[in-house]
1. How long are the semi-axes of the equivalent ellipsoid of the stretch 61-180, defined as square roots of 5 times the Cα gyration tensor eigenvalues? Whole Å, largest first.
2. Which ³J(HN,Hα) values in Hz, rounded to whole numbers, follow from the phi angles of the stretch 218-223 under the Karplus curve 6.51 cos²θ - 1.76 cosθ + 1.60, where θ = phi - 60° and Gly and Pro get x?
3. Taking the square root of 5 times each eigenvalue of the Cα gyration tensor, what semi-axes in Å does the equivalent ellipsoid of the stretch 1-120 have, largest first?
4. Just how many % of Cα pairs in the stretch 183-222 lie over 15 Å apart, if you round to the nearest whole percent?
5. So what's the gap between the Cα centers of the stretch 170-197 and the stretch 28-56, to the nearest angstrom?
6. Go ahead and estimate [θ] at 222 nm for the chain from helices alone: -39,500 (n - 2.57) per DSSP H run with n ≥ 4, summed, over the residue count, rounded to 500.
7. Ignoring ligands, DNA and RNA, what percent of the accessible area of the stretch 1-66 is carbon or sulfur (1.4 Å)?
8. Just how much of ARG178 is accessible, in Å², when a 1.4 Å probe is used and the result is rounded to the nearest 10?
Amino acid sequence: MQLGDARWAQCEDVPVLLVPVGATEQHGPHLPLGTDTTVAATVAARSGLPTAPALPYGASGEHEGFPGTVSIGTETLAAVIVELGRSACRFARRLVLVNGHGGNVAALRVAVPMLRAEGRDVAWFPCGVPGADAHAGRHETSLMLALGPDTVAQDLAEPGNTAPLRELMPAIAAGSVRDVSPSGVLGDPTGATAAEGAETVSVMVAALVTAVGRWTVDDATGRLT
């Protein structure tokens, strides 16, 4: 069930509802601004579980040095998630925020434990796989070649800063992504393939379905493990 297409009588006592949480932010010269939202929405929808419309704005302040990025910040995002959770849990027994953007994690770690402390069965799940590069590199480029190949400008895909994210974070935190990568790319998108992207989506969907079925939640962070 897609919540946006459903009628109210179909929404009584929903066992679990997924809400994709994305972002609208630069993804290098070659990927669309809505990459994170597309990934989160796809992973949620392909799980076969009831899914709400995606939140297309997140906490993307580190990317505001690039035109097109729209960020609502951590504090506002956390407030939105809390109010969304309080409302959705009136008809959904469980709620999962399916997150597509790393910058949203701070808000999720505040909002979800708050909802749980209020007695609501809420958790969040990250869309990611081990070994992925940080931003707009081969991982995300492969995903978008699988999910929206017409939105990828492959002729503009060039390596950015390939240093480990842990080494770049101090400069990013003090300034922005643009300070460490003029193109906005953190990684190397060359060599990306639609086949790799499709496999990655399948892995993430399977992990989400397994995690929802197991329903083990970290009390400190609210993350579904």
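1. Its equivalent ellipsoid spans semi-axes of 31, 18, 13 Å.
2. 6, 5, 6, 10, x, 7
3. Working: eigenvalues 133, 60, 20 Å².
Here the semi-axes work out to 26, 17, 10 Å.
4. 64
5. Result: 19 Å between the Cα centres.
6. -11500 deg cm²/dmol
7. After summing per-atom areas, the C and S share lands at 55 percent.
8. Estimated to the nearest 10 Å², ARG178 gives 110 Å².
The values are calculated or read from the model by the stated rules, or taken from the named source; none is laboratory data. If you're wondering where the values come from, they're calculated on a predicted model, not measured in any experiment. Protein only, heavy atoms only, side chains kept; ligands, DNA and RNA dropped before computing areas. Shrake-Rupley method; radii C 1.70, N 1.55, O 1.52, S 1.80 Å.
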